[in-house]
Amino acid sequence: MSNNAERTPSQTVYDHSKINPDIKHSRLYNEDLAPLSPEDRTWGWFAIFNVWSNDIQSLFGYTLAASLFLSYGLSGWWVMAAIICSGFIVMVMVNLTGKPSVKYGIPFPVLIRASLGINGANLPAILRAIIGIFWYGVQTYFASTAVAILLTIIMGSSDATFLGLNSTAWIAFVIVWLFQIMLFWAGIETIKHFLNWAGPLVYVVMIILMAVIWYQSGAELLPAINSIFSSNNSYDGNQIQAFTAIVGTMVAYFAAVVINFGDFSRFLRSERDMRLGNLLGLPINMLFFSFIALVITAGTLVIFGEALTNPSDIVERVDSLPLTIIAALTFFAATVGINMVANFIPPAYDLANLFPKHINFRMGGLITAVIAFFVGALWLSFISQIGIVGFVNAVGAVIAPFFGILVIDYYLIKRQHISMDDLFSDQPDGAYYYYKGWNIRGLIAFAIGSIFSISTILVPVLTTLEGYGFLLGAALGGIVYWLLMRQFAVKPNEILE
C-alpha cells in the first residue's frame with residue numbers, strides 16, 4: 001500500500017508543490033532543514049515504538065526509575081502506577097508537538113520559527129542543543145559502563161583512576177564515543193534499523209534478568225515490595241505529593257524529546273503511525289518496564305542488602321557469564337540507540353539552524369560529539385554529584401515553556417496552518433519576521449514560564465513544587481503566550497491551504 005493510500009483526511013500532509021522553489025536561496029535554508037516530501041518518509045509506528053523502547057530502557061532511564069522507587073517512601077506498586085501515569089501524559093504531549101511535523105515534514109527548530117520568529121527560534125534551538133549535548137555525554141558514559149564489563153572480562157582492569165575512571169573504563173568510553181559518531185554518519189535509516197532490533201532485544205534481556213533476580217530472591221520478594229522502599233528515604237511530603245512528584249519527574253525526563261519530537265515525527269508516513277507508536281511505546285511500554293524495574297530493584301535489596309540502580313552493577317553481581325555478556329551488549333545497544341535519537345540528532349538540527357549556510361546536519365553532529373565527550377568524562381567525578389533527580393528536573397524546567405508556546409501557537413493562534421515560504425523567508429514582510437526576526441511576546445512568555453519553573457527547584461519556599469517544574473512551566477508559558485498573542489490569532493475563514 002502506498003504512503004498516500006494510508007492517509008485519511010484527518011492525517012493531512014502538506015502539498016509540497018505549493019512551496020516556492022526560491023526558498024532554497026534563503027540564508028535560512030539547507031537541505032537538512034528543508035521539508036520532507038511524503039515519498040521521502042519511511043518510518044512507521046514500529047520505529048516510533050522503538051524510539052521510546054530504547055529511551056525508557058536505556059541504562060540512564062532504568063537508573064532514574066530505580067531511584068524513584070527508593071526516594072519517596074511509597075509502596076513499589078504506587079511508584080509503578082505513577083510511572084505509568086507519566087507515560088499517558090507524555091503520550092498526549094508528543095502527539096501535540098509531533099503532529100505539525102507529520103503534516104509539514106519539518107524539524108523542531110524550523111517549526112518554532114512560526115512562534116518565536118526566524119531569529120528568535122535560535123533561542124530554543126541553542127538551549128535544546130546544550131541540553132541534548134549534556135544528555136549525550138551522560139548517556140555515552142552509561143553505555144560505556146556496559147562495554148567496560150566486557151573489556152574487564154577480556155583484559156581485566158587497573159586500580160589507577162583518572163576522573164573516577166580506570167584505564168579499562170576510559171577505553172570503553174572512547175570506543176562508545178567513536179561508535180556513535182560512525183553510526184550517526186551512516187544516516188537516519190541506519191539508525192532506524194539499529195533501533196528496531198535493539199529495542200526488542202533489551203526487553204528479552206531485562207525479562208531474563210528479572211527472572212534471575214526473582215528466582216534468587218525467593219518467596220519473600222513480592223511481599224517486600226509493599227514495604228521495602230519505605231525506609232531510609234528523606235522525602236517529607238505526603239503520599240499524594242510523592243505520587244505527583246514522581247509523575248512530574250518522569251515527565252521532565254522526557255522533556256527534551258517532548259519539545260523536539262518533530263525531529264522524528266517528520267519521518268513518519270502518517271499521523272496514525274505516530275499515535276499508534278506513541279501509545280505502544282509510552283504508557284503500554286512503561287507498564288511492562290516499570291514492573292520489571294520494580295521487581296529487579298526490590299530483588300537487589302532482598303538479595304544484596306543494598307539497592308543497585310545501575311543494571312550494569314546488577315549484572316556484575318549475578319554469577320552468570322553468558323548473561324553478563326549478552327546483557328552488556330544489549331544495554332550498550334539500547335543506550336547508544338536512544339542517544340542517537342534523543343541526544344545526537346536534535347542538537348545536530350539545532351546547530352544547523354543557527355547558521356544553515358555554514359553548518360549542515362553532519363557538521364552539527366560532530367560539534368555535538370566533541371563537546372559531549374568532555375561532559376561524559378566529567379559525569380562520574382563531578383556532574384552526577386548534584387543528584388540525578390534534581391538534575392532531571394532542572395533540565396526539564398529550563399525548556400518547559402517552549403512546549404506551551406509551540407502548542408498554543410500552532411493550535412490556537414495559527415489554527416494548524418503555517419506558511420512554508422515564510423518559515424524560510426528573512427524578508428521584513430514575512431509572516432514570521434515579527435520585530436527584526438524576534439517575536440518579543442513569545443520571549444516574554446518564555447521568560448515568565450522558565451523563571452517560575454526553575455524557581456521550583458532553586459527557591460526554598462517553592463521546593464514543595466519540585467518535580468512539577470516542567471508541567472507548571474509549560475502551562476504558564478502557554479497561557480502567557482496566548483494572552484499576549486490572541487489578538488493575532490488566525491480566524492478559521494482566513495486559512496487558505
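The values are calculated or read from the model by the stated rules, or taken from the named source; none is laboratory data. Not measured: the values here are computed from a predicted model. Because the Cβ atoms are built from the backbone with ideal geometry, glycine has one as well, and the counts that use them run over all protein chains shown.
Of all residues in region 198-212, none are part of a helix (DSSP H, G or I), modelled with pLDDT of 85 or more and of a type in the set (Ser, Thr, Tyr).
Does at least one position in region 12-31 carry a residue that is in contact with a Ser or Thr (Cβ under 9 Å, 6 or more places away or on another chain), buried (at least 18 other Cβ atoms within 10 Å of the Cβ) and modelled with pLDDT under 85? Yes, the conditions are met somewhere in region 12-31. Among the residues examined, Leu209 qualifies as in contact with a Pro (Cβ under 8 Å, 6 or more places away or on another chain) and in contact (Cβ under 8 Å) with a residue 24 or more places away in the chain. Being under 12 Å from Tyr349 (Cα atoms) and buried (at least 24 other Cβ atoms within 10 Å of the Cβ) is true of Ala125.
Condition test on Val295, is it out of contact with any Lys or Arg (no Cβ under 8 Å at 6 or more places or on another chain), in contact (Cβ under 8 Å) with a residue 12 or more places away in the chain and crowded, with 24+ Cβ neighbours inside 10 Å? For Val295, the condition - out of contact with any Lys or Arg (no Cβ under 8 Å at 6 or more places or on another chain), in contact (Cβ under 8 Å) with a residue 12 or more places away in the chain and crowded, with 24+ Cβ neighbours inside 10 Å - is not met. Just one of (1) modelled with pLDDT under 90; (2) over 28 Å from Leu64 (Cα atoms); (3) not aromatic (Phe, Trp, Tyr) fails for Ile131. It is (2).
Of all residues in region 470-488, none that is on the phi > 0 side of the Ramachandran plot and at pLDDT below 90 has its Cβ atom under 9 Å from the Cβ atom of a residue that is crowded, with 20+ Cβ neighbours inside 10 Å and in a helix (DSSP H, G or I), 6 or more apart or on another chain.
One line per residue, one yes/no per condition, for (1) in a loop (DSSP other than H, G, I, E, B); (2) modelled with pLDDT of 70 or more; (3) of a type in the set (Ser, Thr, Tyr); (4) within 11 Å of the chain's Cα centre (by Cα):
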site	(1), (2), (3), (4)
Ala224	no, yes, no, no
Ile228	yes, no, no, no
Asn232	yes, no, no, no
Gln241	no, yes, no, no
Thr244	no, yes, yes, no
Val247	no, yes, no, no
Val258	no, yes, no, yes
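For beta carbons closer than 7 Å, sequence separation of 6+ or different chains, a first residue in region 90-116 that is within 25 Å of Tyr468 (Cα to Cα) and a second that is of a type in the set (Lys, Arg) and part of a helix (DSSP H, G or I), the qualifying pairs are Asn95/Arg275.
In this structure, is Phe184 buried (at least 20 other Cβ atoms within 10 Å of the Cβ), part of a helix (DSSP H, G or I) and in contact with a Leu (Cβ under 7 Å, 6 or more places away or on another chain)?
No.
Suppose we keep only residues that are at pLDDT 85 or above and within 20 Å of the chain's Cα centre (by Cα) within region 376-399. Which one would you say is farthest from Ile454 (Cα to Cα)? Per the criteria, the residue is Gly376.
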